Amino acid sequence: MPNKLNKTKMKSLKVDIRKTAGFISEGAVYAFENQMIKNHEAVLNKTGKGNDFLGWVDLPSTIDESLLKSIASSAAKMQEKAELFVVIGIGGSYLGARAVIEALQDNFAALKTGRNKPFIIYAGQNIGEDYMSQLLSLLDKHDYALTVISKSGTTTEPAIAFRILKNHLEEKYGKKEAVERIIAITDQEKGALKKLADDEGYQTYVVPDDVGGRYSVLTPVGLLPIAVAGYDIRQLVQGAADMEGLNRKSARLNDNPMALYAATRNALYQSGKNVEILVNYLPNLYYLTEWWKQLYGESEGKENKGIFPAGVNFTTDLHSMGQYIQEGERMLFETVLSVEEPNTKMTIPSDGQNLDGLNYIAGKRIDEVNKMAELGTMLAHVDGGVPNIRLSLPGINEYYLGQLIYFFEMACALSGYTLDVNPFDQPGVEAYKKNMFALLGKPGFEKATEEIRKRL
């Protein structure tokens, strides 16, 4: 159980659905309330579809203090050894950690020297040959350590990366020291990676059997890399625990922001809005959007159902995707992630010549200009036929990110049950793997290889 924080000044995430009026009625949203209450009970009691993967539901409030201490100790060890820390994983095995780390870190951290914590880099999330070659060239010049995250140890992309980086570590440091620089996060009892870790003597952490990858940010999968990067995992867990506590009080839409969000997006879907765009106005939230896309796309996109999750980064993308959102096909709605207060303050200077005509905003904070861009865009898009849901986050720190993670996870479960799909499996992910294995000539796929080559 995480230590309680002094949260006298802590606020909470809020949901505002007023800018969906004119597209759906309040009654259309509240028509989902009984469904949300039913879904909420199924999630908490672990009786719905995929209930063997509901371990994340009470994870924040039940996480063991000894685990947090162990992760902190392991992180400190890696911080002493490494300038760079490589996270090997794909999908939920890296996106959650990356979302949190990049939300919290300096936007230019990669270019700054004198860091007292390792810079986190990633491998196994693609099969780019140039990417891997360039990574090895970088690692030749810096001290590094790594974690490999895979329940089975046989997922193609991270398995290739780990095979290569394991060899590189052993060549650079010798086998004995390489063992001290590898942490495996894998199954508790079985699988190729678990066997290798036991045989080689790697330190290990467990991917819980009842937590799927995209819901695993608050397990060692996410907590270890976040801790190595130097961020406070207890505050992250505490934020999630407080959102869990709020969720447990009630499933009614007026009391539960997760249920309200799930009900509103389903009412919009029912009205014909089948693409949801997550909008942010801060560049370091890019990977938070990527994590959200996986969470909702992999959870809901089944049986020819589901809202398609997309993402944009404003104001940058207002000069590209903004045109389509304003005047393209009207199957869109936006969920705007609005951050109330940035972590720094900067004002716009006055200029004697005023050739750019900007003296009218001299003395204003950059964030005030950003907020007016946000409000102006929301009004323009609503006028253009795009309803908006607004998620207001008090700030960007570990505590509020913990709130947001649990908020999105619970809302996703409630929404998936509303669609009557299993939000916790991903059967469609296997389709490309079978074809790839057949084309590569993997043993056991001979018949499939013959059939697929005929199609080509």
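The values are calculated or read from the model by the stated rules, or taken from the named source; none is laboratory data. Quick caveat, the model's predicted, so the values are computed rather than measured. Glycine also receives a Cβ, built like all others from the backbone with ideal geometry; neighbour counts cover every protein chain displayed. Heads up: the accessible areas ignore ligands, DNA and RNA and are worked out on the full protein's heavy atoms, side chains in. Shrake-Rupley method; radii C 1.70, N 1.55, O 1.52, S 1.80 Å.
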Has the stretch 312-322 got any residue that is touching a helix residue (DSSP H, G or I) at 6+ places or on another chain (Cβ under 9 Å), assigned to a strand (DSSP E or B), touching a residue at least 12 places away in the same chain (Cβ under 8 Å) and among the aromatic types (Phe, Trp, Tyr)?
no
So which residues in the stretch 204-231 are of a type outside the set (Gly, Ala, Ser), within 24 Å of Ala413 (Cβ to Cβ) and part of a loop (DSSP other than H, G, I, E, B), if there are any at all?
Val207, Pro208, Asp209, Asp210, Val211, Val217, Leu218, Thr219
Could you list all residues from the stretch 301-325 that are surrounded by 18 or more Cβ atoms within 10 Å (Cβ to Cβ) and of a type in the set (Phe, Trp, Tyr)?
Phe314
Of the residues in the stretch 93-132, how many are part of a loop (DSSP other than H, G, I, E, B) and hydroxyl-bearing (Ser, Thr, Tyr)?
2
Go through (1) open to solvent by 10 Å² or more (accessible area, probe 1.4 Å); (2) of a type in the set (A, V, I, L, M, F, W, C); (3) closer than 24 Å to Glu80 by Cα and name the single condition Val228 misses.
(1)
Residue pairs, Cβ under 8 Å, 6 or more apart or interchain, first in the stretch 91-120 and under 18 Å from Arg234 (Cα atoms) and modelled with pLDDT under 90, second open to solvent by 40 Å² or more (accessible area, probe 1.4 Å) and among the acidic types (Asp, Glu). List them.
none
Cβ-Cβ distance below 9 Å, separation of 6 or more or different chains: which pairs start in the stretch 424-443 with a residue that is closer than 28 Å to Gly55 by Cα and end on one that is open to solvent by 80 Å² or more (accessible area, probe 1.4 Å) and outside any helix (DSSP H, G or I)?
Phe424/Lys49; Asp425/Lys49
Can you name the residue in the stretch 395-445 that is of a type in the set (Gly, Ala, Ser), outside any loop (DSSP other than H, G, I, E, B) and surrounded by fewer than 20 Cβ atoms within 10 Å (Cβ to Cβ) and, of all such residues, is farthest from the chain's Cα centre (by Cα)?
Ala438
Of those in the stretch 43-69 that are without any contact (Cβ under 8 Å) to a residue 60 or more places away in the chain and within 25 Å of Thr147 (Cβ to Cβ), the residue least open to solvent (accessible area, probe 1.4 Å) is Ser66
Criterion: of a type in the set (Phe, Trp, Tyr) and at pLDDT 95 or above - qualifying residue of Tyr399, Tyr432:
Tyr399
Does Met346 fit the bill of being open to solvent by 70 Å² or more (accessible area, probe 1.4 Å) and touching a strand residue (DSSP E or B) at 6+ places or on another chain (Cβ under 7 Å)?
yes
Considering every residue within the stretch 237-248, establish whether at least one is at pLDDT 95 or above, open to solvent by less than 20 Å² (accessible area, probe 1.4 Å), over 30 Å from Ala72 (Cβ atoms) and among the β-branched types (Val, Ile, Thr).
no
Conditions (1) surrounded by 19 or more Cβ atoms within 10 Å (Cβ to Cβ); (2) modelled with pLDDT of 95 or more; (3) hydroxyl-bearing (Ser, Thr, Tyr) -> Tyr131 fails only (1)
Surrounded by fewer than 17 Cβ atoms within 10 Å (Cβ to Cβ), within 26 Å of the chain's Cα centre (by Cα) and modelled with pLDDT of 95 or more, is that true of Gly328?
no
Candidate set from the stretch 134-159 (those that are open to solvent by 50 Å² or more (accessible area, probe 1.4 Å) and touching a strand residue (DSSP E or B) at 6+ places or on another chain (Cβ under 9 Å)); member that is nearest to Asp198 (Cα to Cα)
Lys151
When residues of the stretch 109-152 are filtered for being over 23 Å from the mean Cα position of the chain (by Cα), of a type in the set (Ser, Thr, Tyr) and within 25 Å of Pro220 (Cβ to Cβ), how many remain?
1
Limited to the stretch 14-42, what total is found for residues that are out of contact with any strand residue (DSSP E or B) (no Cβ under 6 Å at 6 or more places or on another chain), part of a helix (DSSP H, G or I) and within 18 Å of Ala380 (Cβ to Cβ)?
2
Before we move on, is Ala178 of a type outside the set (Val, Ile, Thr), in contact with an Asp or Glu (Cβ under 6 Å, 6 or more places away or on another chain) and free of Cβ contacts under 8 Å to residues at least 24 places away in the same chain?
yes
Val179 - would you say it is of a type in the set (Val, Ile, Thr) and more than 26 Å from Val100 (Cβ to Cβ)?
yes
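Table: residues versus (1) assigned to a helix (DSSP H, G or I); (2) touching a helix residue (DSSP H, G or I) at 6+ places or on another chain (Cβ under 8 Å); (3) free of Cβ contacts under 8 Å to residues at least 12 places away in the same chain; (4) hydrophobic (A, V, I, L, M, F, W, C).
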{"site": "Arg163", "(1), (2), (3), (4)": "yes, no, yes, no"}
{"site": "Leu196", "(1), (2), (3), (4)": "yes, no, no, yes"}
{"site": "Gln235", "(1), (2), (3), (4)": "yes, yes, no, no"}
{"site": "Ala241", "(1), (2), (3), (4)": "yes, yes, no, yes"}
{"site": "Leu253", "(1), (2), (3), (4)": "no, yes, no, yes"}
{"site": "Ala262", "(1), (2), (3), (4)": "yes, yes, no, yes"}
